[in-house]
Amino acid sequence: MSDARTVFLPASKLLDLISFELTKRHHPIRENLRAATAPCAVCGKQSGRVHSRYTRTLADLPWQGVAVTVRVRVRRFFCDQRACDRAIFAEPLFDIATRYACRT
């Protein structure tokens, strides 16, 4: 699977490939982020205390004219820094997509 991960994933060191489907009209890719902790967007403190999870869907460039979507399972974390204004934050996608982006 490491060969497929290197070819298919935009940031193979950050993501674990869960599934990849080939259809005539659409190629959905499902992935999980690998990091055990994430930095708060406001204060930068690392947190490993998970609040919840959600799926983020991003459009990627088409492959040979076929639409590609990347579905990443993203975690929300508690920020334990008392002075921080953010109590809960989502882990960043770093090299994959910017905050609030709909495309890779």
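Where a number appears in this text, it was derived from the coordinates with a stated rule and is not lab data. Source: prediction; values computed, not measured. For neighbour counting, all protein chains shown are included, and Cβ atoms are generated from backbone atoms with ideal geometry for every residue, glycine included.
Overview of values
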read-out: Label point distance in nm, Ala59-Gln81, each placed 7 Å from Cα along Cα→Cβ; value: 3.5
read-out: Ranked list, fewest to most other Cβ atoms within 10 Å of each Cβ, for Val42, Val74; value: Val42, Val74
read-out: Taking Ser47, Ser19 and counting other C-beta atoms within 10 Å, the order from fewest to most; value: Ser19, Ser47
